[in-house]
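The numbers here are math on the coordinates, done by the rules we state, and not lab data. Please read all numbers here as calculations on a predicted model, not as lab measurements. Don't worry about glycine lacking a Cβ; one is built from the backbone with ideal geometry, like all the others, and counts go over all protein chains shown.
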Amino acid sequence: MQDSAAFASLSGALGSKTMSEDATQIVAAMTAKARAAARIVARASDAKKADALLAAAKALRAAAPTILNANAVDMEAGAANGLSAAMLDRLKLDDSRIEGITSAVEQVAHLADPVGQVIDRSERPNGLVMERVRVPVGVLAIIYESRPNVTADAAALGLRSGNAVILRGGSEAVHSNRAIHAAMVEGIVKAGLPADAVQLVPTQDRAAVGALLKAQGQIDMVIPRGGKSLVARVQDEARVPVLAHLDGICHTYIHAKADPAMAEAIAVNAKMRRTGICGSTETLLIDQDYPEPARLIGALLDAGCEVRADDMLMELDARTVPAEEADWGTEYLDAVVSAKMVSGVDEAIEHIARYGSQHTESIITNDDTAAADFLSGVDSAIVMHNASTQYADGGEFGLGAEIGIATGRLHARGPVALEGLTTYKWLVHGSGQTRP
């Protein structure tokens, strides 16, 4: 509520200025404070940062009733505004999810500090010693939708990696985000680090996003987490580096030599465990020589999944519906899967290359040669063998919380956690050398 009061006060002081001008001034003030805080956090000790996150986790637990009340307001508004079931699932908090958020913050606190890590070291013939050392990126802007857990995850990862963070959550989670942010800041301040190390943009004016994206020299990296339209806007308008996470059009390929029981269990889990997450399988590819395709399709249908199938697979079960061309490139985030018969590993790889988003793909097979071909031939951030794509998660990778799954090729790829929020600098140690 302090954020709202501050924004109202600032808006009144600015008088007749437009909301766009207000947002620009708000962002400029926030980035200046973030830059000052970043210098402090970058030099904070491992123990200091860990203590701050443990204190933040304690504050989150204590604030659970407040957070749940705030989330109930968001859920009611979301239902009234016609949010989809998948979006409401992303938005919803309960005791278990709050405990999960809190535990993720604690896990980040216990991770090794990447700042100061020597990546490599060499000595030149002239005696100069060259070291590449991890350092924080600086000031991060995280722009996200729906999931209030991102508020805690981003704050924790940013702080632990020595960065200052500016958070801009979606309007559908505004009350939840404010409650989580307040608890995080309470813990951070108790541990002696500046409140400005983690700031939440106090306005939902879309102009604030534009101001963040154009803050050259003030923000060092922008990370979008949300739907295609958000990411597209960030990539189109950003004047600062972007660490992008596009669609999660994930594939599970059932090879001819897959164990049927394993294939069925993984396919159902990969689609239906949680349909609204980016690691959910959206397309099932089945080898034409796989012995039990009807059983596989039936298992998904029995689990409540709509199967949009190609002509060959439609013949196996009357409950399927015909797939259209658009289905192969659709991220459903719902209990819907597209399914296609392929002639082998090569066609599976070709299909993924054409329609996929380079997120996460899995092959189910007992043939090590086929698995090796798939793992080397698929150019995605995460490629799996005999595992559910639902494991595409920083916590499952042992990285603690994650800021997202990066699907690009530069800086970081796959689950982005602490190391992905650092860069490096060169340290050169001499003993009086001068260059001839």
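To check you understand DSSP bridge types, tell me what percent of the beta bridges within the chain (both residues inside) are antiparallel, rounded to 5.
30 percent
Volume per residue, Å³, of the convex hull around the alpha-carbon atoms of segment 250-396?
Taking only Cα atoms, segment 250-396 has a hull volume of 92 Å³ per residue.
Straight-line reach from LYS92: which aspartates and glutamates have Cα under 18 Å away, leaving out those fewer than 8 places along the same chain?
The reachable aspartates and glutamates, counting only those whose Cα sits under 18 Å from LYS92, are ASP74, GLU76, GLU145, ASP153, GLU172, ASP334.
Could you order peptides 170-179, 195-204 by the average number of other Cβ atoms within 10 Å of their residues, highest first?
Going from most to least packed, we get 170-179, 195-204.
Amide H neighbours of ARG273 under 5 Å, counting only residues 5+ apart in sequence or on other chains, H built in-plane at 1.01 Å?
none
Based on other C-beta atoms within 10 Å, arrange CYS250, CYS278 from fewest to most.
CYS278, CYS250
Which net charge results for the neighbourhood of GLY248, defined as the other residues with beta-carbon distances under 10 angstrom from its beta-carbon, given Lys and Arg at +1 and Asp and Glu at -1?
Surrounding charge for GLY248 is -3.
Where the only charges are on Cβ atoms (+1 Lys, Arg; -1 Asp, Glu), what is the dipole of the chain about its Cα centre, to the nearest 20 debye?
2660 debye
So what are the ³J(HN,Hα) numbers for segment 121-132, from phi and the Karplus equation (6.51, -1.76, 1.60; θ = phi - 60°), rounded to whole Hz, Gly and Pro as x?
8, 8, 10, 7, x, 7, x, 5, 9, 9, 10, 9
What is the distance in Å between the Cα centroid of segment 264-310 and that of segment 143-183?
Centre-to-centre distance over Cα atoms comes out at 33 Å.
Compute the helix-to-body angle for 95-110: its Cα long axis versus the longest principal axis of the chain, expressed 0 to 90° and rounded to tens.
Its long axis makes an angle of about 60 degrees.
Taking θ = phi - 60°, what integer Hz values does the Karplus form 6.51 cos²θ - 1.76 cosθ + 1.60 yield along segment 42-57, in sequence order, with x for Gly and Pro?
3J(HN,Hα) across segment 42-57, in whole Hz: 4, 9, 5, 6, 3, 5, 5, 5, 5, 4, 4, 6, 5, 5, 5, 4.
Please list the three semi-axes, largest first and in whole Å, of the ellipsoid equivalent to the chain, using sqrt of 5 times the eigenvalues of its alpha carbon gyration tensor.
Listed largest to smallest, the semi-axes of the chain are 40, 29, 19 Å.
Which of the lysines could a cross-linker span from LYS58 if the Cα-Cα distance has to be under 17 Å and same-chain partners fewer than 8 positions apart are dropped?
LYS48, LYS49, LYS190
In degrees, nearest 10, range 0 to 90: what is the angle between the Cα axis of helix 2-14 and the longest Cα principal axis of the chain?
So the inclination is approximately 60 degrees.
Expressed as an acute angle from 0 to 90° and rounded to the nearest 10, what is the orientation of the C-alpha long axis of helix 64-80 relative to the principal long axis of the chain?
Between helix and principal axis, roughly 60 degrees.
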